[in-house]
1. Given a 10 angstrom Cα cut-off, can you work out which residue in B:A104, B:A329, B:A137 is the most mobile in a GNM of chain B?
2. Starting from the exponent 0.38 and prefactor 2.2 Å, build the expected Rg for the range B:241-349 from its residue count and divide its actual Cα Rg by it.
3. Only Lys, Arg, Asp and Glu count, each charged at its Cβ (+1, +1, -1, -1), so figure out the dipole size of the range B:74-291 about its Cα centre, rounded to 20 debye.
4. Scan the range A:252-331 for GluC sites (Glu not before Pro) in coil per DSSP, keeping those whose Cβ has at most 15 other Cβ atoms within 10 Å, and list them by number.
5. Averaged over B:218-229, how many beta carbons belonging to a partner chain fall within 10 Å of each residue's beta carbon?
6. Taking the Cα centre of each part, how many Å lie between the range A:50-67 and the range A:258-314?
7. Can you list the lysines whose alpha carbon sits under 21 Å from that of A:K406, skipping same-chain ones fewer than 8 residues off?
8. Evaluate the Debye formula for the range A:256-502 with equal point scatterers sitting on the alpha carbons, no solvent, and hand back log10 of I(q)/I(0) at q = 0.11, 0.12 Å⁻¹, in q order, two decimals.
Amino acid sequence: MGEYVVEVRNLHKIYPDGTVALRGVSLGFRRGEVHVVLGENGAGKTTLARIVYGEVRPSRGQVLVEGVPRVFRGPWEAIRAGISMVYQHFSLVHRFTVAENLFLYGHHIGLSRREVLERVEKLEAEYGLKIPLNRRVDELPAGLQQRIEIVKALLSEPKLLILDEPTSLISPLEAEALFKLVKRLKEDGVAIMYITHRLKEVPVVGDVVTVMRRGEVVKTIRVGEVDLNTLARLMVGGREIEEVKRPTQRVVVGERVLEVERLTVVREGRRVVDNVSFWVSRGEILGIAGVVGNGQEELVEAIFGLLKPSSGRIVFCGRDVTGLPPWERLRLGMAFLPSERRLALIQDMNLVENMALMLAVAGRTGLLVSWSRVEKLLREYVDRLGIVARSLTMPVKRLSGGNQQKLALARIMALKPRLLVAVDPTHGLDYASTMAVRRMLRQMADNGTSILLVSSDLDELLQLSDRLAVMYSGKIVSLKPTNKYTYEELGRLMGGYEGGMAS
Amino acid sequence: MQRSIRIPVRVEPLVNVTFRRKIVVFTTTYLLAILGFLLFLYLKGYDGISILSHILFYTFTVGEGIRSLLSTWGIVSIIALGALISFKVRVWNIGLEGQYIAGAIGATYAALFMPCISPLNLTLQLLLGFILGMLWAFVPALLYVLISVNEVLSTIMLNYVAVHLLEYLLYGPWSGTYGFPQTRLFPARFGQVGGLPSPLVAAIILFFIAYVVMYRLRIGLVYRFVGENRNAASLQGYNVKLVLLLCFLISGGLAGVAGVFEASYELGYLSPGIVRGYGFAGIAAAVLGRLEPLTTLFASLFIAFFLVGAYSVHLPALGFLAEGLLLIAHLSAEALTRYKIVIMRGGVY
């Protein structure tokens, strides 16, 4: 197999904070071949790309360019070795013209202005591209900005081009143009690493597909030899095919605590939440699944009042709260647990102060804060939830992640809210804490709190939710009781591939 | 990348800072600052040691020196409290000098043109000074909160406007006998309270109130919350902009109150002499006091000592020199306790 342009062998990556991103990944990229790397969030796709591009160093394993092991000290060395990358978020200077951006990059890789212009002309001629050299970047639509990014990456005449989620920020029409360009590049012998979570794109652009899950390669296979249903299953379920198991299925029929009606949120001209309607009953856990960036974040922010919806209604306990600011929603009994603990808790304040803060925000303390009362209340929860803390007056940042999250939940439980909107409540926690937090959520629901749970962890959603919705590019594409789903179906829905139902 | 320069030094955050590291770093940097101060005096041909000992002698044993130190302490610490209040919510109100001048102008108006029944007039002076200080902060505050105009620039620029307004008033409508740029004496003036200068008494009361509000009241909790993490505060549903606006205004108002005391207690009239850089001294004190009320109160004493001392040897610029050196020393010490500098060998990571 010496014909690989770039090959990685047994790559491992453990980040300094202990996150394991890759566990032994081996892959190869051939000339004139589009190699799709498919996976959910946290599968390790981007880490893999950044290692190949010399931006991150592997903890173990090798990167070989044309059979020779290389250690890059930074992207500039990868570029010289013939590897280019287009990031998911563009890295152009907004207030520069296109030409200035290209010159800047040219300077970076040692090309003169004249050489840059020559190569741009060549690319324009070869691929029939139009490049508005004298326009300012911020005047251009996203698709065109991306084309500039690609042209930029091609200036160094790479052997391997890495595209990281290239369709995530552009419109379907612009995506068509992108696919055409990728095809032309392939015909010219460029190897392409195409990172995506969108199943539909695999047969459109790919020759070979590698499915990654939790830092491992599940399978590498030629695109012609596999159908999308199998890919969907591999992407979310790993090697085994298991049906969704839930020990008890509760059917919750109670009053509707939250009703969302035809909610639309427009951000930067895109409909990030697109005409979404659903409701949550009393004591019900409604899960929202989907690959990150499909509108879940904006949806919950709109529900808690942090984002203004462009149209639609949010009804909470029979009251239209669409126009209310967040604190009023909080006082009505709606609590929010953001995914980042840095935002959920004040790291430099101590446990008691953090507790008092939540009570104060919800209007549950007097003008004068009675520290002894707050401490008594906190002590109660600390004992009940088993929060391990040396003292209640130590800063929160000295607590472990699990204990921090328990504290964040304790603060919310103390308010006895009617609805909790939680985003990735177990993100980054170890196994024991994860389970403890999930038990707490279940318990809250049993005591009558409704929970809207957004999570990038599918297992969590399957374990906890009574009903499960799937979001894909701003829309809810499916909503039904959790035990009615199969892994395969979930993978298909999350990947935006609706065809070929039943399995 | 061939032409770019890479410095083979890396700065790493320290997770646990030991008490010993803090002590060592702070004493060394402070000592360096004092050495720098003496070195500067030496280069200018002064005998640093005897100047320092003169200042110490004057401010702590001579009656006039003590009196001056205590009242300057009071005035500087009120400004420092204003700085503290805005800095703690990360609003960098650098225009305390201008707000202080505005406050002095307000006091003068009350003293000269309003009914002169002593207690009433003094209240009016305080009130008008506070309001004018707030007013001076109002435009930058509004611009900052509504459209994120950089508050450092807008406040600092308004300092100059305040100075020119002061000059206009003193050379124009308020000029005294024979056209001197000085108003007539205030009929009602602040005096001593229980043997202590009234600015110091006011400062102690204000610091006490600030402490109680910050650490005992609900609004104080919210205030510190906004200071620690604005994003989190708005995620919890707080009206962060309102908090920022209020802190900005109170900060300006307090500087105004300091101006009232300078005009009405220290001088007894309004003259260009009130522009003494106290606004910046207050900022230095708040930073040295690490933005905590108690420590800031004492840091103000430290700063006041240098200011009064410098005046006593007729070298007022020395006060600013000491202020600047201490500030640099303190900020470097803060950074050096929190970060470690590593010299790199070989590859870049």
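Just so you know, all these numbers are worked out from the coordinates, no wet-lab data involved. Note that the structure is a prediction, hence the values are computed from the model and not measured. Cβ coordinates were reconstructed from backbone atoms using ideal geometry, including for glycine residues, and neighbour counts include every protein chain displayed.
1. In the Gaussian network model the winner is B:A329.
2. Values: Rg = 18.6 Å, N = 109, 2.2 N^0.38 = 13.1 Å.
Against the empirical 2.2 N^0.38 Å value, I get 1.42 for the range B:241-349.
3. 560 debye
4. A:E255, A:E268
5. That works out to 5 on average.
6. 40 Å
7. A:K376, A:K397, A:K416
8. -0.58, -0.69
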